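Take a look at the structure below.
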Amino acid sequence: VEGVEVDLHSIRLKRDPENPPKPDQQPNQKQVIQQQYVTFKPHTHAYTDPVLKKGILGNFEPKQPEPPGVAGGPGEEAKPFVLGPEYKDAVQASIKEFGFNMVASDMISLDRSISDIRHEECKYWEYDDRLLTSSVVIVFHNEGWSTLMRTVHSVIKRTPRRYLAEIVLIDDFSNKVHLKERLEDYIKQWNGLVKLFRNEKREGLIQARSIGAQKATKGQVLIYLDAHCEVGTNWYPPLVAPISKDRTVCTVPLIDSIDGQKYTIVPQGGGDDDNFARGAWDWSMLWKRVPLGEREKRQRQTRTEPYRSPAMAGGLFAIERDFFFELGLYDPGLQIWGGENFEISYKIWQCGGQLLFVPCSRVGHIYRLQGWQGNPPPAHVGSSPTLKNYVRVVEVWWDEYKDYFYASRPETLTLAYGDISELKRFREEHRCKSFKWFMEEIAYDIPAHYPLPPKNVEWGEIRGYETSYCIDSMGHTNGGTVEIGPCHRMGGNQLFRINEANQLMQYDQCLAKGADNSVIITHCDQKQHTDWKYFKDLHRFTHVPTGKCLDRSDLLHTVSISDCDTSKTSQKWEMNNIVAV
Ligand code: UD2
Ligand code: MN
C-alpha cells in the first residue's frame, strides 16, 4: 500500500488480514471501525525527559519525510518575513480586506517548510499504522488566495497519502474573483483529491461545516480546519489515533498562532513545555482558556498525552463522520458565526462522547489582525445572530445554569431564538446527561477561574443623567481605563451590570479604582472588586471603599471618582436597560 495510489475502499477491505470480508460484502464504516486496533505502542529506546529528568522509553517516531520548501526563500522554516516600508499602503489595504498581510503571504511559497516545534517527547510516540482515513473540510468566505491555498498545500504535504481520502472545500458564497475559475483550475493538479462545492447563498461557517459533512463522503473521520492554517510536523497520527481507538472521541490539535504580518509560528503557551490549557468559557459565553490542572494531569502517564477539555475553540477539530451525524451535526438553527464550538462540545460530552486536546498534533492558525473590515452577516439574518446562537445553546444544554448566562447577558432575555423543540427531543431520546453532571465531572475547574455570577440589581447602559454620553469600556480589559462616548444603544462595550455582590461588571470584568482616581476595567477579584452601590433615586454610583462618587468629563471623555457633591451634574447617572434584537 505504501506510496501507491490505491482506491481507499480497497484499503478498507484489507484491514483485517485474519478475517477478510468476502469480495461481495462491502463493509460499512461501523464494521471497519471495529476492526481498528490502535495502541500507543510500548517504547523500546531510552529517552530522557529534559524537564522531569526521567527516562522514557522511546523509538524515534516513524515520520513521513517532508519535501523541502524553497531553500532560503521568504518565510521558509517559518522565519520572520518583513517587508520594506514601500509596501505599507498595499499591506494596509490587504489587512483591511482579508485580516492578514496578504502582500507578504503572496511572496511566501505555498509549500514552505516550517520548523518542528513539538515537545521533544512527541517525537517518541508510535502510532498504529492502521488509523482511520479522513476527509479534511475547509469552509471559506472571501478569504485571501495564498493563505487559503497554503492551508491545502500543507495538508497534502504533511498527511500520509493513505489516510487522506479527500480535501473538501466549501465556498460559502464568496464574491472574490480569485476564488472563481482560478480556484477551479488550480485544484485540477490534484486529480480530484481536492473537491470544491459552492453554497448558493451565504450560510455562515456553522451550516457550511454541516454541509461539508454531507459532501465529504470518502473519509471515515472529518477534520475541520479554518481557511488560514498550516498543519505541523506529523500532525495526523496523534490527532486520529484516539478516534481510531474509540469512535466517540473527538480531538482537537494544539493551535499555534501564525503571525499575520511576519508569518512566524508562535507556539501556544509560549512554547513552555508544560503550559497546556483546557478550553473554557465565562458565563457570558466568551471563549476562555484555563490551565491544565492536577486532576487532569493525574489521569495521564506522560506530559504529552491527550487530555480532556470541556470545550473546543471551534475551528480545528476531528470527529468520526458517523458519530457527527449521530449527534445531528450542528444545530440547524445556529446562524453564521459563534457558539457552535460550545454546542458541539456540550453535545459530545453530555451525550456520551469525549473531547480531547492532543498536544502532539499541532496546527497553526492566523488570527485576524486589527483593521480587518470583517465578514458582516447577510441581510436576511437578524442583527445579532451570534447572541441568538448563544441563547439557543444555553436553552438546550445548560439546564438551571442558564440563569448565570442571563445574569451575564441580561439584554438577551427577550431575544427571539426560534424553535428548539427538535433539539430538546434529541437530548431526551439520547438520554444525554445534565449540565450539572458535566460541570461536576468535566468542567469542574471553570468556576474557580470564572466565578458563577451573582444576581443583577440593575443593568444596561450607564448614561450621564439627561445627557447623550455613556460609559464605554472601548473594548479595554485587564487594567485598561473606561471612557465616555456617545451612547449608541447597541450594548456591547456600553453594557454594564451591578449585582448583589456590589460588582459593577461588563462580561467577566469588573470596574475598579485605578491610579489617580481613574476607573479601570479588570479581572474580577472576589475580595477587592465588590466596590459599588447604585442609588437609583439619587442618580448616583458610590465607590464604597473611598466613599467617593462616580464622575465624568464629557469633554475629555474620561471617567473618575471624586468627592461626592450633589450639585455636580457630572456625578449624576441613569442606568437604562438595552435589549438585543
Ligand atoms: C473562531 C474559530 C472559528 C469559528 C469561530 C466561531 C478557531 C481557530 N477559529 O474564530 O473556526 O469556530 O471562532 O464561530 O478556533 N467563514 C465562512 N462563512 C462565514 C464566515 C466565516 O465560511 O460567514 C469561514 C472563514 O472563511 C473561515 C472560517 O469560516 O475559514 C472561520 O471563520 P474565522 O476565521 O473568521 O473565525 P475565527 O478564527 O475568528
Ligand atoms: Mn480563523
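What the table below lists for this structure:
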| item | result |
| --- | --- |
| Only one of Glu400, Glu411 that is away from ligand 2 (no atom under 16 Å from the Cβ), exposed (fewer than 14 other Cβ atoms within 10 Å of the Cβ) and either farther than 26 Å from Thr151 by Cα or not hydroxyl-bearing (Ser, Thr, Tyr) (or both) | Glu400 |
| Subset of region 360-374 [surrounded by 23 or more Cβ atoms within 10 Å (Cβ to Cβ) and more than 13 Å from the chain's Cα centre (by Cα)] | Cys360, Ser361, Arg362 |
| Residues of region 177-200 satisfying the condition of being more than 19 Å from Ala213 (Cβ to Cβ), surrounded by fewer than 17 Cβ atoms within 10 Å (Cβ to Cβ) and not polar (S, T, N, Q) | Val177, His178, Lys180, Glu181, Arg182, Glu184, Asp185, Tyr186, Lys188, Trp190, Gly192 |
| All positions within region 216-246 that are within 12 Å of Val136 (Cβ to Cβ), more than 11 Å from ligand 1 (Cβ to nearest atom) and not hydrophobic (A, V, I, L, M, F, W, C) | Lys218, Gly219, Tyr236 |
| Residue that is farthest from ligand 1 (Cβ to nearest atom), among those in region 293-326 that are part of a loop (DSSP other than H, G, I, E, B) and either polar (S, T, N, Q) or touching a Lys or Arg at 6+ places or on another chain (Cβ under 7 Å) (or both) | Gln301 |
| Helices (runs of 4 or more DSSP H) (entirely within region 81-171) containing at least 2 residues that are in contact (Cβ under 8 Å) with a residue 40 or more places away in the chain, away from ligand 1 (no atom under 14 Å from the Cβ) and in contact with a Pro (Cβ under 7 Å, 6 or more places away or on another chain) | none |
| Hits in region 450-471 (condition: in contact (Cβ under 8 Å) with a residue 60 or more places away in the chain, closer than 30 Å to Arg278 by Cα and touching a Lys or Arg at 6+ places or on another chain (Cβ under 7 Å)) | Tyr450 |
| Total residues in region 350-385, condition away from ligand 1 (no atom under 12 Å from the Cβ), hydrophobic (A, V, I, L, M, F, W, C) and assigned to a loop (DSSP other than H, G, I, E, B) | 2 |
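To keep it simple, each residue is scored yes or no on (1) in a loop (DSSP other than H, G, I, E, B); (2) surrounded by fewer than 18 Cβ atoms within 10 Å (Cβ to Cβ).
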{"residue": "Gln528", "(1), (2)": "yes, yes"}
{"residue": "Tyr534", "(1), (2)": "no, no"}
{"residue": "Pro545", "(1), (2)": "yes, yes"}
{"residue": "Cys549", "(1), (2)": "no, no"}
{"residue": "Arg552", "(1), (2)": "no, no"}
{"residue": "Ser560", "(1), (2)": "no, no"}
{"residue": "Asp565", "(1), (2)": "yes, yes"}
{"residue": "Glu574", "(1), (2)": "no, yes"}
{"residue": "Ala580", "(1), (2)": "yes, no"}
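To keep it simple, each residue is scored yes or no on (1) touching a residue at least 12 places away in the same chain (Cβ under 8 Å); (2) within 14 Å of ligand 2 (Cβ to nearest atom); (3) under 19 Å from Met312 (Cα atoms); (4) among the hydroxyl-bearing types (Ser, Thr, Tyr).
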position: Ala227; (1), (2), (3), (4): yes, yes, yes, no
position: Glu230; (1), (2), (3), (4): yes, yes, yes, no
position: Asp272; (1), (2), (3), (4): no, no, no, no
position: Ala277; (1), (2), (3), (4): yes, no, yes, no
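FYI, it's all coordinate maths here, none of it is from the lab. What you see is a predicted model; the values in this text were computed from it and never measured. Cβ coordinates were reconstructed from backbone atoms using ideal geometry, including for glycine residues, and neighbour counts include every protein chain displayed.
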